[in-house]
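First comes the structure, then the notes that go with it.
The values are calculated or read from the model by the stated rules, or taken from the named source; none is laboratory data. Quick caveat, the model's predicted, so the values are computed rather than measured. In this analysis, Cβ positions are derived from the backbone assuming ideal geometry, glycine residues included, and neighbour counts consider all displayed protein chains.
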Amino acid sequence: MKTGTSVGADPRSRPVSRLRPAGRVPWVLGLPAVVAAVFAVLPLVYLCVRALERGPGYAWDIVTTERAALLLGRSVGLAAVVVAACLVLGVSLAWLTTRTALPWARGWAVLVTLPLAVPSYVAAFAWLSAAPQLAGFTGSALSLTLVSFPYVHLPVAAALRRTDPAQEETARSLGLGPVRTFFRVTLPQLRPAAAGGAVLVALYVFSDFGAVSLMRYDTFTRGIYTSYRASFDRTPAAALSVVLVALTVALVAAEARTRGRARYVRTGTGTARPADPAPLGKWLVASLSWCGAVTAAAVAFPLTTLGYWLAVGNSATWDPARLTETATATLGVAAAGAALTTALALPIGVVAARHRGRVAHLLEQAAYAGHALPGITVALSLVFFAVRYAHPLYQELPLLVGAYAVLFLPVAVAATRAAVLQAPPGLEDVARSLGRGPWRVLREVTVPLAAPGVAAGAALTFVVCMKELPATLLLRPTGMDTLATRLWTETGTASYAAAAPYAAALILLAAIPSYLLGRHRT
Amino acid sequence: MTELRIEGLTKSYGPPAPPVLDGLDLTVPGGALAAVLGPSGCGKTTLLRIIAGFLHADAGSVTVGERVMTGPGVHLPPERRRIGIVPQEGALFPHLSVARNVAFGLTGLDRTTRRRRAEEMLELVGLTGYGERMPHELSGGQQQRIALARALAPRPALVLLDEPFNALDSALRAGVRADVRAALRLSGATAVLVTHDQQEALSTADLVAVVRDGRVAQCDTPQQVYRRPADPWIAGFVGDAVLLPATALGGGTADTALGTIPLATDTDTDTDTVNGTGTVLLRPEQLELTEPTSGAVGGTVTEVRFYGHDAMVTVAVDGLADPVDLRTAGPVAVQPGERTGIRVRGEAVLHS
């Protein structure tokens, strides 16, 4: 409209940032957030204190023994094999379900994410009870792969849906065949997503206790447990724990880096048109068999085995009173764990969503410490702490609930933060301008608006608390069992028919909140 | 009727960035609606957030009536300022009904008084009977009017409107704008409207403050800002402008490529420099097409853009480097490539 001598808009004008500048965190939020953050990093700090108690030399001797090296080698080896297998399964299934003319592609896409709901020790129970000779490395690798490959599948499938098919079409038009196009154009774009998923799988393997302990394969977590049970000297267990935590922290750092790069790869693509599905032709039968085999092994097989053991059970193995008691106890501790975790997560989640700057960032990072802490290390740290400083709490419920809170704070904080972010900050400004102080704004506006998301986070925390094994084993009050610990004990003594009802109850009880969560999301 | 007085307001987000507000001064008389107009990034949103108390200023003061809101060592929290805000997109509380949204700020009153006041407010914005609805059941324009009712309900001394009509489609915008303006008039509140839309500022406000680089570049009535802009940049920002090199001739006229043009004398600009040279500002609607034979000023039509209510014609004027735009109402009689004459109506502003 403006030509010639007409004057245009100011060339110096720059886009205004709609992000809110770092505001002061009001104390009604800041104080509880600091308390929760300190609580979250306390186990890590105390573990280090305890490991170095007898001097760094002593701790160094423990972590450099032949046994420690053996444990480390086994953990790393197991992780390498499981990650490789997950990459093959995850990438192939992601490509088949998103980019090809695979029949029932959407159904397969849902089916292959279901293993996420299977705890590793349930998978181990299924394989071990069907084929006891699998115990050891093979069984561990098999069960862990079949429960953790969705960690690769999900991000890779998302990346495939996002990448612009025009790039692949360009490659084809430049003379590359479909296979070379996949390896030279598609795969490089998937690398950040696949790498992120692989790191999550490795983290899962390093932290896993259930599958390796049932499969009697001595990795770091099982070694720590044995060392704690076998000796009155707690320093070896603490020192080994510190090494394990160092490994997992390194993995989390690596994961954060791959995520940063993944974002970079995505910039500027905009909304890509969906790709035309590739015809499978003569590969159709092979592709369907592959999807069918993975689903059968990861989903159908554990359920069938469970059904078999339930069916062959008899009055000697089937104890309804004990099952009811265990289920009630499980629901109780999981509810307490979810309640405490959500309460601690709320202030941190709000601060993380609404404030920027170093303090807010630090609080959020502290809350995510649990993400890098294997359950067994948190449990040990709390045991050590309680024995020395809070003996009345040792093997009492509060300690167990506290461990749940440390372990699953990341889940609840992420949910709270996302829920608060969805409510526009303008609403809080309006409430302030209408005469409400910060505390009342939190109570009357922020929390009611974020409530559905926070409740979803609480439900998710409830499920993961219910399934938690290593910390529950170490910290449960004497005489109390959860479904997970009973399942673990019975499987450990090869009483598979006795273990089955606990596995079934666990899956059923965990399915209810998961189902409600699914409905909430849609 | 409460006056808003802002003096020397300064704010920067860290040393590497230039200050967002750089000693901004602005006075809005009680009961007036002032538009703060500026391009993105000029600091207008920061200004609004400081007035409301969401941000701390580095220096300067904000006074509403006799109360100092922000000043040296003073920072009233937003909840104690009695300043209402109408944010972009309304931002109604989605978990509360319309009536409870409007009554949100009515604290310390009994139930019946609150209800009566909320109903009064709904009536004021023309939405009587909508109290029981939920915000998502309202159209965008209705939400915006409810947001205004909510801001006005506690009888604030000052109301701030942050680009409140941005989210509305253009057909609705004019109507909602008129409703909001009428409701503000009735309430008697002083109001500040932040916008980057010059049409909105000119048509809605009593007073337009053009902000540039964190300062008020000009603050005047819409007519004055449009007709007598303080500098060529403002001229171009508040509307289409035709700028011509000119030489002042004395006697309130200037010589340009379009002939001798009478100069406006009632401005602060340097019309006294009788023999100076400078730039004169004309608006495209001050130029008129004439028959090319008249022998005076002529040129060649290069482009014609038809908008319906009027048309913009670009003419390469003989002896002028850059072509000029002129706006003509009614049917367009010329085509690109044709010769035409040009005549100037009204007065121009000379900037040295």
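Candidates in segment B:200-250 are the residues that are touching a Lys or Arg at 6+ places or on another chain (Cβ under 8 Å) and acidic (Asp, Glu); of these, the one that is farthest from the other protein chains (Cβ to nearest Cβ) is B:ASP220. The set of residues in segment B:23-40 being surrounded by 16 or more Cβ atoms within 10 Å (Cβ to Cβ), within 14 Å of chain A (Cβ to nearest Cβ) and farther than 23 Å from B:GLY188 by Cα consists of B:GLY38, B:PRO39. Scoring A:ARG216 on the criteria (1) assigned by TED's automatic domain parsing to the domain that holds A:ALA158; (2) modelled with pLDDT of 85 or more; (3) not in a loop (DSSP other than H, G, I, E, B) leaves a single failure, condition (3).
Counting just the residues of segment B:201-252 that are polar (S, T, N, Q) and buried (at least 18 other Cβ atoms within 10 Å of the Cβ), which one comes out nearest to B:ARG283 (Cα to Cα)?
From segment B:201-252, those polar (S, T, N, Q) are B:203-204, B:218, B:221, B:223-224, B:247; that's our starting set.
Next, from what is left, pick out any that are buried (at least 18 other Cβ atoms within 10 Å of the Cβ): B:204, B:218.
On the way: B:THR204: 21, B:GLN218: 18 Å.
The selected residue is B:GLN218.
Looking at this structure, is A:ALA254 modelled with pLDDT under 80 and assigned to a helix (DSSP H, G or I)?
Against the criterion (modelled with pLDDT under 80 and assigned to a helix (DSSP H, G or I)), A:ALA254 qualifies.
Summed over segment A:426-438, residues that are more than 7 Å from every other protein chain (Cβ to nearest Cβ) and either out of contact with any helix residue (DSSP H, G or I) (no Cβ under 9 Å at 6 or more places or on another chain) or at pLDDT below 85 (or both) total 1.
Residues in segment A:228-248 that are in contact with a Phe, Trp or Tyr (Cβ under 8 Å, 6 or more places away or on another chain) and among the β-branched types (Val, Ile, Thr): A:THR235, A:VAL243, A:THR248.
Inclusion of A:VAL88 among residues that are at pLDDT 85 or above, loosely packed, with under 15 Cβ neighbours inside 10 Å, outside the structural domain of A:ALA278 (by TED's automatic domain parsing) and not aromatic (Phe, Trp, Tyr) is not warranted. Within segment A:149-159, identify whether any single residue is within 30 Å of A:TYR308 (Cβ to Cβ), surrounded by 15 or more Cβ atoms within 10 Å (Cβ to Cβ), more than 18 Å from the chain's Cα centre (by Cα) and modelled with pLDDT of 90 or more, and answer yes or no. So far as segment A:149-159 goes, no, none of its residues is within 30 Å of A:TYR308 (Cβ to Cβ), surrounded by 15 or more Cβ atoms within 10 Å (Cβ to Cβ), more than 18 Å from the chain's Cα centre (by Cα) and modelled with pLDDT of 90 or more. Taking the criterion of being surrounded by fewer than 20 Cβ atoms within 10 Å (Cβ to Cβ), within 8 Å of chain A (Cβ to nearest Cβ) and assigned to a helix (DSSP H, G or I), would at least one residue in segment B:102-111 satisfy it? Among the residues of segment B:102-111, not one is surrounded by fewer than 20 Cβ atoms within 10 Å (Cβ to Cβ), within 8 Å of chain A (Cβ to nearest Cβ) and assigned to a helix (DSSP H, G or I), which makes the answer no. Among the numbered conditions (1) touching a residue at least 40 places away in the same chain (Cβ under 8 Å); (2) touching a helix residue (DSSP H, G or I) at 6+ places or on another chain (Cβ under 7 Å), the only one that B:ALA118 does not meet is (1). Would you call B:GLY43 in the same structural domain as B:LEU184 (by TED's automatic domain parsing), surrounded by fewer than 16 Cβ atoms within 10 Å (Cβ to Cβ) and not hydrophobic (A, V, I, L, M, F, W, C)? No, not satisfied. The residue that is modelled with the highest pLDDT, among those in segment B:41-57 that are under 17 Å from B:VAL210 (Cα atoms) and at the interface with chain A (Cβ under 8 Å from one of its Cβ atoms), is B:THR45.
Among the residues of segment A:317-332, which ones are of a type in the set (A, V, I, L, M, F, W, C) and in contact (Cβ under 8 Å) with a residue 12 or more places away in the chain?
Scanning segment A:317-332 gives A:TRP318, A:LEU323, A:ALA327, A:ALA329, A:LEU331.
Would you please name the residue that is farthest from the other protein chains (Cβ to nearest Cβ), looking only at residues in segment B:298-352 that are polar (S, T, N, Q) and within 23 Å of B:ARG228 (Cα to Cα)?
At the first step, the residues of segment B:298-352 found to be polar (S, T, N, Q) are B:300, B:302, B:314, B:328, B:335, B:340, B:352.
From what is left, the residues that are within 23 Å of B:ARG228 (Cα to Cα) are B:328, B:352.
On the way: B:THR328: 15, B:SER352: 17 Å.
It comes out as B:SER352.
State whether the residues of segment B:81-100 include one that is modelled with pLDDT of 85 or more, more than 14 Å from chain A (Cβ to nearest Cβ) and either crowded, with 22+ Cβ neighbours inside 10 Å or part of a strand (DSSP E or B) (or both). Yes - at least one qualifying residue is present in segment B:81-100.
For segment B:103-127, enumerate the residues that are polar (S, T, N, Q) and modelled with pLDDT of 90 or more. Let's see the steps before the verdict.
Residues of segment B:103-127 that are polar (S, T, N, Q), as a first pass: B:107, B:112-113.
The answer is B:THR112, B:THR113.
Among the numbered conditions (1) within 26 Å of A:GLY332 (Cα to Cα); (2) within 14 Å of another protein chain (Cβ to nearest Cβ); (3) touching a residue at least 60 places away in the same chain (Cβ under 8 Å); (4) in contact with a helix residue (DSSP H, G or I) (Cβ under 6 Å, 6 or more places away or on another chain), the only one that A:GLY453 does not meet is (3). Residues in segment B:65-79 that are within 12 Å of chain A (Cβ to nearest Cβ) and not aliphatic (A, V, I, L, M) were compared, and the one that is surrounded by the most Cβ atoms within 10 Å (Cβ to Cβ) is B:PRO78. Is one or more of the residues making up segment B:280-298 surrounded by 13 or more Cβ atoms within 10 Å (Cβ to Cβ), in a loop (DSSP other than H, G, I, E, B) and among the small types (Gly, Ala, Ser)? No, every residue in segment B:280-298 fails to be surrounded by 13 or more Cβ atoms within 10 Å (Cβ to Cβ), in a loop (DSSP other than H, G, I, E, B) and among the small types (Gly, Ala, Ser).
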